[in-house]
Amino acid sequence: MRIGILGGTFDPIHLGHINPALEVKQQLNLDQIWLMPNHIPPHKKTTVVSSHHRLEMVKLVCLQYPEFELCDIEIKRDTPSYSVTTLSLLTELYPDEEFFFIMGMDSFVQLPLWYQWQSLFNLCHIALCQRPGWTIDTHSEMTKELLFRQANTDYLTSNSHSKHGRIFCINSQLVDISSTEVRQRLAQNIDISTVLPQTTIDYIRQHQLYI
């Protein structure tokens with residue numbers, strides 16, 4: 001199977017996460033998208049709500065969208081969730097699967113700061129979604145990587161295609177919202193029905209989160 005991996009703190013999960021993942025699945029003809037919440041994210045000091053609540057909100061989204069499956073491999077880990085460590089384990093556990101790591105352009109340009117980032121290309125493909133307002137410096141290291149590794153969907157149907165190492169640029173109508181902005185709206189009691197699934201809104205209200 002071809003599986004997309006979308007990791008994040010999901011604090012909370014919102015349509016800015018969900019919509020691009022659905023577009024990746026459609027455009028790359030993937031079989032599933034695995035949503036992978038972090039327990040201890042390496043690039044953030046902490047999360048606002050507990051791992052339990054973030055996990056439960058992701059579970060509700062997976063119930064609402066049949067395209068999604070929960071991957072709890074990172075949220076059960078008591079050490080920082082380095083993507084290369086997780087992908088190494090997933091490729092060992094599921095050697096027959098072809099993984100597509102989903103990320104936005106904002107994360108992609110910061111990839112050289114990630115732990116053993118170059119090893120990711122030996123483990124998976126990257127599905128690259130451009131977030132509104134983000135561009136890439138034409139002289140940057142990641143521009144060179146993109147030009148070298150970029151492929152289109154025809155590559156996936158070729159007999160000689162590899163299970164890792166390529167970058168696929170996704171055309172998507174991204175929701176220009178961050179989890180920080182969602183939390184600010186919730187704290188100020190501003191309507192967030194256009195950026196959060198109703199199940200997430202109900203869960204947040206039930207447990208009085210982000211107030």
> By how many degrees, 0 to 90 and rounded to 10, does the Cα axis of helix 15-28 deviate from the longest principal axis of the chain?
Replying inline: 30
>> Return the equivalent ellipsoid semi-axes of segment 94-211 as a descending list in whole Å, where each equals the square root of 5 times an eigenvalue of the C-alpha gyration tensor.
In response: 34, 18, 14
>> How much accessible area per residue does segment 1-67 have, counting only protein heavy atoms and a probe of 1.4 Å, in square angstrom?
In response: 42
> Using the reciprocal of the averaged 1/r over all distinct C-alpha pairs, how large is the Kirkwood radius of the chain in Å?
Replying inline: 17.7
> Hull surface divided by four, with the convex hull built on the Cα atoms of segment 1-116: how many nm²?
Replying inline: 7.1
> So, in nm, how far is label L70 from label Y155 when the simple model puts each one 7 Å beyond its Cα toward the Cβ?
Replying inline: 3.4
> Rounded to a whole number, what % of the accessible area of the chain do carbon and sulfur atoms account for, probe 1.4 Å?
Replying inline: 48
>> 5 Å is the cut-off here: which amide hydrogens, built 1.01 Å from N in the peptide plane, fall below it relative to C169, excluding neighbours closer than 5 in sequence?
In response: L128, A151
> Once the principal axes of the Cα atoms of segment 43-98 are found, what is the range along each, listed largest first in whole angstroms?
Replying inline: 34, 31, 15
> Given the rule -39500 (n - 2.57) for each run of at least 4 DSSP H residues, summed and divided by the residues of the chain, what is its mean residue ellipticity at 222 nm, to the nearest 500 deg cm²/dmol?
Replying inline: -10000 deg cm²/dmol
> Lysine pairs in the chain with alpha-carbon atoms under 18 Å apart, 8 or more places apart or on different chains: how many are there?
Replying inline: 4
>> Along the Cα→Cβ direction, 7 angstrom out, place labels at L113 and E56. What is the inter-label distance in nm?
In response: 3.3
>> Using a probe radius of 1.4 Å on heavy atoms only, what accessible surface per residue do you get for segment 140-211? Whole Å² is fine.
In response: 62
> Taking the Cα-to-Cβ direction at Q198 and at T180 and moving 7 Å from each Cα, how far apart do the two end points lie in nm?
Replying inline: 3.2
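The values are calculated or read from the model by the stated rules, or taken from the named source; none is laboratory data. Being a predicted model, the structure only gives us computed values, none of them experimental. Don't worry about glycine lacking a Cβ; one is built from the backbone with ideal geometry, like all the others, and counts go over all protein chains shown. All accessible areas refer to the heavy atoms of the entire protein, side chains included, with ligands and DNA or RNA removed. Shrake-Rupley method; radii C 1.70, N 1.55, O 1.52, S 1.80 Å.
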